[in-house]
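Student: This is the structure, below, for whatever I ask next.
The values are calculated or read from the model by the stated rules, or taken from the named source; none is laboratory data. Only a predicted model underlies this, so the values are computations on that prediction, with no experimental measurement involved. For neighbour counting, all protein chains shown are included, and Cβ atoms are generated from backbone atoms with ideal geometry for every residue, glycine included.
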Amino acid sequence: MRFITISRYLFAGMKKIELEIVALSHSITQTHSYAVVLGEVNGLRRLPIVIGGFEAQAIAVALERMQPSRPLTHDLLKNFMNAFTVDLQEIVISDLQEGIFYSKLVCISEHDTVEIDSRTSDALALAVRFGCPIYTYEHILENAGILMDDTTAGKKKTGTVTTTAEPGSRDDLTGLSLEELNTLLNEVLEQEDYIKAAAIRDEIKERKK
């Protein structure tokens, strides 16, 4: 509890900046890793964060509203919190040290509000499940954010998320028929490769337009 009290004091005077997930893809800089890109709501800055494959899959499942055959770890945690009437009010990416992002879960119950330390990847996987806002602070965006121009930022439509698989995979998908795409989609879902499944679904949607 002492740490929670101190952290509230440190960040009490800082304005929170709301973010949203705008992209999820394989990391260009790190093999076997993924990158989730957070965009400043009503702003032009982007905050890329490298995450592990398991957490990327967990985020993709929630973003694409897929239904795994059994609950994933983050689904289980959400069900556990719901069973004990604990709600995730918001997550805050609160610190950046030596390239590592630190986050907090702000949880509320009938009688209390508690801040819980969390890996940022886990916090984001829970945020998309609870539909709660994602926040950070100016000094983090200043140090790790990327400023987009109006033209590039405008390409993203409100409420949409770009989810891509491995570089070059979209070219491979364009050579498949719609029937082959649906067959491949079922196969990757059975393999629980939700990142690739999301890319296939995007291709199928484009074909049906």
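Student: Give the stretch 24-49 a look and list any residue that's at pLDDT below 90 and touching a Gly at 6+ places or on another chain (Cβ under 8 Å), or say none.
Tutor: Result: 32, 33, 34.
Student: A further question on this structure: What number of residues within the stretch 113-150 are outside any strand (DSSP E or B) and not aromatic (Phe, Trp, Tyr)?
Tutor: Number satisfying all stated conditions: 24.
Student: Residue by residue through the stretch 119-130, note down the ones that are surrounded by 19 or more Cβ atoms within 10 Å (Cβ to Cβ) and not hydrophobic (A, V, I, L, M, F, W, C).
Tutor: Hits for the stretch 119-130 are 120, 121, 122, 129.
Student: Scan (1) over 20 Å from residue 39 (Cβ atoms); (2) crowded, with 19+ Cβ neighbours inside 10 Å for the single condition residue 134 breaks and write down its number.
Tutor: (1)
Student: While we're here: Which residue is modelled with the lowest pLDDT, if the candidates are limited to the stretch 161-206 and must be closer than 18 Å to residue 33 by Cβ and among the polar types (S, T, N, Q)?
Tutor: It comes out as 169.
Student: Let me ask something else about it. Here is a list of conditions, (1) assigned to a loop (DSSP other than H, G, I, E, B); (2) buried (at least 16 other Cβ atoms within 10 Å of the Cβ), and residue 17 meets all of them except one; can you say which number that is?
Tutor: (1)
Student: Here's something else I'd like to know. Taking the stretch 51-107 on its own, how many of its residues are among the hydroxyl-bearing types (Ser, Thr, Tyr) and without any contact (Cβ under 8 Å) to a residue 12 or more places away in the chain?
Tutor: Residues that pass the stated criteria total 1.
Student: Which one of 80, 101 is over 30 Å from residue 187 (Cβ atoms) and either touching a Lys or Arg at 6+ places or on another chain (Cβ under 9 Å) or surrounded by 19 or more Cβ atoms within 10 Å (Cβ to Cβ) (or both)?
Tutor: Checking each option against the conditions leaves just 101.
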